[in-house]
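A short reminder: the numbers here are calculations on the coordinates, not readings from a lab. What you are looking at is a predicted structure, and each value in this text was computed from that prediction instead of being measured. All Cβ positions, even for glycine, are placed from backbone atoms using ideal geometry, and neighbour counts span all protein chains on display.
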Ligand SMILES: Cc1cc2nc3c(=O)[nH]c(=O)nc-3n(C[C@H](O)[C@H](O)[C@H](O)COP(=O)(O)O)c2cc1C
Ligand code: SF4
Ligand code: FES
């Protein structure tokens, strides 16, 4: 299979320099894009059916098309790369950031061009120090060679890119909260509408896209939408970075056609479970997705198919739960994380998640009571999209709700007894 | 008018562009909410206002939405009663209660707590959360507000109010998840002079009134009445609360034209002078020993008779006394002998303001009109310190134009955070021209720091840019010229341009220049308005009534024409130069003083009569807009305290040998006033007459929950004491009476079944935040006669600094500059120490340092004052905090000398 | 007092944004870089430098978990307690660290050498369990490796 995003990545090695990147065909797409109108670039991306890789799977072309263009738009417009990657289990953007910074930079320039943004920020999580160093060095090369800055590559287009290191909070990954964070405020989400594409950073039109999403852009422009769609096994275009972690033999991240079935990933790439550990279930796309059981392992990993089996593709980085791990404990760990990361703005999330986490703690510690399951069901029911202000709490409920469904017996066995796994 | 369907029934919604919560509350439905507030709109944080929204008639499942975040659209179908919505709302309360301490029995908010109301409304009764509650440390926030963070339900109203409504920057939210904390970066006094509103804005007991706490009583045990604030010229509407003869607190009384939902802290916390040890409660007579002694009524009347028969009297009224008192005094002495008791300068300023507002061109703007202005020029006024609440209106005004940005982005205006995110820093235009910096500079488009005459010249130049027929000041510098052009453009391009001026820098030229600007705009067809601040709560009323200046009073005394001086509610030493006050007091043979508190003027009297305060008698005040408003007595005072006008009525009867006082009750006096002062005729109709009854009943001052009535007097008499009768209003001093909503001018509390908190106000309004049902109380008494009248003022020479003198201009402080509130402990502790403000330029030339003591030499009287650097003050100008202890009665601006006390009293030369 | 170096770095950051407030997180991190944590007086100084109120700066500072508003040891260990690490042996690592250092999570050793803090997922799930010391990432941890690693930080 053809590697697209990771083609240039040298495991454990330094990333390509600007010269090396260009030798490998880099910045050709940018030249091409600059010869097209922004709308034409947008159209290509729409036709490629690139779905946002940040987790929600929103069509990138559609997002861009909602940006006010031309004279009537309020300026400056901003393009923001979401490189916050704090979803539990996610580690895919890091690979792209560290492995091929120029690919991302080229993607940003083309994307910014397509929406007529003149300023771009890469919102990078604090812990990604190596990525930060490599990005800063790649950016300075790009500036030095006029791939960035005023009238880049001799065109009439100008763009600046800055790296913004996050202060650290899961919440910052949520696109609107990210904008608040970039403005130096608390990372509290904003209400929609208006969408950031109309009223975003400092009140100006702003596009937020995930790292992996942006890295796809040069390839779409270079090879065309048809080619891009043909990379996929389903009708959601492109390749996808998939990851596997947990008690498998070979945890890791791989670039594979979009729609690769789960089992292929588990068996062919992660080499199956470690000796002595059996498969119980997995969270397919990070901590805020619902558990998938054995029976669904042949499902293609794309947005639509995952949704059809009641879960989400999310980040596409799966976490395997083995048969020696207590589901209550695993969910407890996750909910503790979500409770800690709630921004505190809306009531159900701020007060509900800690209640859930404490209830699970009590269960795990052998202090469970029969009504605890009622409490957990109550939250799984009420912390839904639309009930809370943003998607954090609803996301947090996905593993809980599915665990309550699939592992009810395990939950019940914790009531009035110590955790059978400890 | 869109139609919406609520639980299957159609309703018409009065306005477009509203949200469902707003619309449903207006229709009289009960939907619980927390983060939404009628003045701050929607945030979407608490998730309490959930309702079911249906796509169309066929949709039976529906979807839960937040009513406050969902727009009213034609034909929209919602359900409040939907079981799922009901269950979700109960769940939200359950979450909010997870960490709430349930300490209602010891909480000051108990009984008027929005959280209590909403909890009852959702029916949440059973606690399921079985883990520990989080706890917080409270902060010391100063003398006005008590902080109890454990009660917090994180609705974010406090920070939204504090930052967005008042512009305060020292209250914020800290931390994250369920540990978020609302407070200051560190313990300390809250900086905003509007912080007190937090006690009403907070839906539970996190921020409560600390002065109330010191003499707490359950809120339902308070006797209350509709009153008007007496601490500045704006006339905010208030609700004082009394029990056991003590005035215990002040709350806001909504008035859509005046104060809206908020008060300033001077108005809210300035009330305790009513309870002061310095209160005069019995008549005092000067004895043979030369001292004042308490005296009985008969003895007092005897002495008064002797005085009044001895010869002619002149009357000194007061801008802080009611229309009734000033009029009674005028009746007593005759219009020719009635003086307003202010300085020559203040008299002149008020004459100017009165003329401008009565004759034209500008229509006076109400406090809420100011909030709607879309371009503002402030000439010479430190608004927040001279007319505090007007500052909140200006903060609203600066987003008027920017709101257009939000509208173009299809953002609903109720969507508060979205509007702010769209607007960001794009506020204005607001231009502030003052001698020194002001607390509103943070929202100013541009500021201009000059001496008053130069500020007036800027105004003239603006007028000339707009209308070349207006006179042009000669010799303008480039900065002023450029600024004037820019201001003229902005005012010209606006739809509702406004000029603000007033008494603040003590300059008639400034007021005239402001008039020129309005005049120019009006002449060219713009609908411009003018807001003039006035010094005190009835300055405008007094000016409308017409009173003579202090010079003529001094003349009358000096010439021996007047032998007696009757002073009503006026400490002359605060309002005029000491030399003038002295001339009056020592020139007259007999001095009669009526007042609330012992003060320097009362000390000089032969007879002192204890006068009722605003809370103890009914009276009328005319605010700076020219709006007449009635303040109704809250409680019957102890001792011989009476309304000054009642004392004066007695004195007339005494002098003229009448069997009865000329006016038995307030309505009689008002009838006489209406006849004598036609411009004030409408003040008769501000409140229904005292004979008015609703279903045969009076309007009660006490709530139906008022407790222990029989026990209140038990220490005196175990039988229930008959309540006093009120001859001056249709209200009763009991809990009996008409239980429904009275006419707006008689609203003693905002309460509705299930709504015990101030949020009940919605039930009294025509639409949320709209006017009170039946119209807001108060009437405008003045409209400009002729808006096209050409009244251009002419030439003003530029300010010329002098080599050995400084122009001292007044500085004002919310806390301390006003007489009555300054006698209140909480306000006194916040009053800054007197100082002398100097520009760094002058400080450097004179080689004096911050804090160093300088002598301020005003006409050879030297006041020692520590120097404070005022970085923006122009050279040659100093500021003096007028009215602060030791600095009363100065007539500013005036030229002064500065001396360094250490340096052999040598005048400093520059 | 902000040092000249801190001040310069903060001012450079301010230039990257249309409004100084956007530089707040970075300014806090710069101070933390130099001093290990952000004391109250630094909050006030940053506020003054950026023309903001201390409350505004602190409101932001106390939101983010990488801004440390309490003194720390010379080295800060962030141990990932998230799901992949949890599944692959977080407990053993945490217990070993706590025992070795004689502290509980959230505490600083008596000799002020280490502070041990929990962290959100470090994006090292393929090398779980993982931790971070002063910005250096360590993955595929076993209790046996820890003594060696700790020895590198004095
Ligand atoms: C709580 C929360 C955390 C998120 N974290 C991330 C993240 O770390 N990285 C990311 O790209 N998207 C994250 N998202 C999704 C973003 O909100 C947004 O959808 C995405 O960045 C858009 O990019 P895309 O269209 O390219 O997918 C998060 C969403 C939520 C609700
Ligand atoms: S669901 Fe609510 S509290 Fe939770 S992160 Fe989103 S906005 Fe904040
Ligand atoms: S009032 Fe609607 S969400 Fe708070």
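Things to note:
- Selected from A:364, A:295, A:40 as most flexible by GNM, with chain A as the system and alpha-carbon contacts under 10 Å: A:295
- Each label was represented as a point 7 Å from its Cα along the Cα-to-Cβ direction; for residue A:72 and residue B:5 these points are 3.4 nm apart.
- Centre separation in Å (Cα based) which lies between the stretch C:110-127 and the stretch A:347-422: 27 Å
- Shielding value for A:243-253 is 4, the average number of Cβ atoms from other chains within 10 Å of each residue's Cβ.
- Dmax and Rg, reported as Rg then Dmax, of chain B (C-alpha, Å): 28.3, 94
- GNM result for chain A, Cα springs below 10 Å: residue of A:13, A:167, A:333 fluctuating most strongly: A:13
- Averaged over the residues of A:162-171, the number of partner chain Cβ atoms lying within 10 Å of the residue Cβ comes to 6.
- Crossing angle, helix A:327-341 versus chain A [Cα axis fit, 0-90 degrees, rounded to tens]: 50 degrees
- Model label zone, residue A:156; criterion: amide N under 20 Å from point 7 Å along Cα-to-beta-carbon; scope the stretch A:100-135: A:109-119
- Residues listed by number, the stretch B:197-214, amide nitrogen under 14 Å from residue B:829 label point at 7 Å toward C-beta: B:209-214
- Working from label points 7 Å from Cα in the Cα-to-Cβ sense, the residue A:62 to residue B:719 distance is 8.3 nm.
- Legend: calculated FRET efficiency, residue A:118 to residue B:863, from the Cβ-Cβ distance at R0 = 41 Å, rounded to 0.05, equals 0.10.
- Estimated from helices alone, the mean residue ellipticity of the protein assembly as shown at 222 nm is -9500 deg cm²/dmol (sum of -39500 (n - 2.57) over DSSP H runs with n ≥ 4, per residue).
- The mean count of C-beta atoms from other chains within 10 Å of the C-beta of residues in B:97-105, rounded to a whole number, is 1.
- Helix A:101-115 axis, angle to chain A major axis (alpha carbon atoms, nearest 10°): 70 degrees
- Each label point was placed 7 Å from the Cα along the Cα-to-Cβ direction; for residue A:22 and residue B:853 their separation is 7.6 nm.
- Anisotropy class of the stretch A:18-230 from Cα gyration tensor, a/c 1.5 cut: rounded
- Distance between the stretch B:650-691 and the stretch A:322-344 - C-alpha centres, whole angstrom: 77 Å
- Values of log10 I(q)/I(0), in the order q = 0.11 Å⁻¹, for chain A under a Debye, Cα-only, solvent-free model: -0.82
- Sorted ascending by nearby beta carbons within 10 Å, beginning with the fewest, B:821, A:37 become A:37, B:821.
- Considering only A:244, A:81, A:198, the mean-square fluctuation computed in a Gaussian network model of chain A, springs between alpha carbons under 10 angstrom, is largest for A:198.
- Pair-distance distribution of the protein assembly as shown: all C-alpha pairs, bin width 20 Å, starting at 0; shares per bin in whole percent are 9, 32, 33, 19, 7, 1.
- DSSP beta bridge pairing in the protein assembly as shown, given as percent antiparallel to the nearest 5: 50 percent
- Prolate/oblate/rounded label for the stretch C:4-63 (Cα gyration tensor, a/c 1.5): oblate
- Principal-axis tilt of helix A:211-223 within chain A, Cα atoms, nearest 10 degrees: 40 degrees
- Theoretical FRET efficiency, 1/(1+(r/R0)^6), r = Cβ-Cβ of residue B:783 and residue B:479, R0 41 Å, to 0.05: 0.65
- Residue exposure sequence - A:183, B:479, A:361 - by fewest surrounding Cβ within 10 Å: B:479, A:361, A:183
- Extended-chain gain in nm, criterion 0.36 nm per residue less alpha-carbon gap, residue B:579 and residue B:278: 105.9 nm
- Rounded if a/c under 1.5, otherwise prolate or oblate - the stretch B:3-96, Cα gyration tensor axes: oblate
- Debye-formula intensities of the stretch A:363-422, expressed as log10 I(q)/I(0) at q = 0.14, 0.24, 0.25, 0.26 Å⁻¹, are -0.43, -0.93, -0.97, -1.01 (one equal scatterer per alpha-carbon, no solvent).
- A protection proxy built from the mean count of other Cβ atoms within 10 Å ranks the segments C:19-26, A:168-175, most packed first, as A:168-175, C:19-26.
- Computed extension length for residue A:40-residue A:2: 11.1 nm, one decimal, from 0.36 nm per residue of separation with the Cα-Cα distance subtracted.
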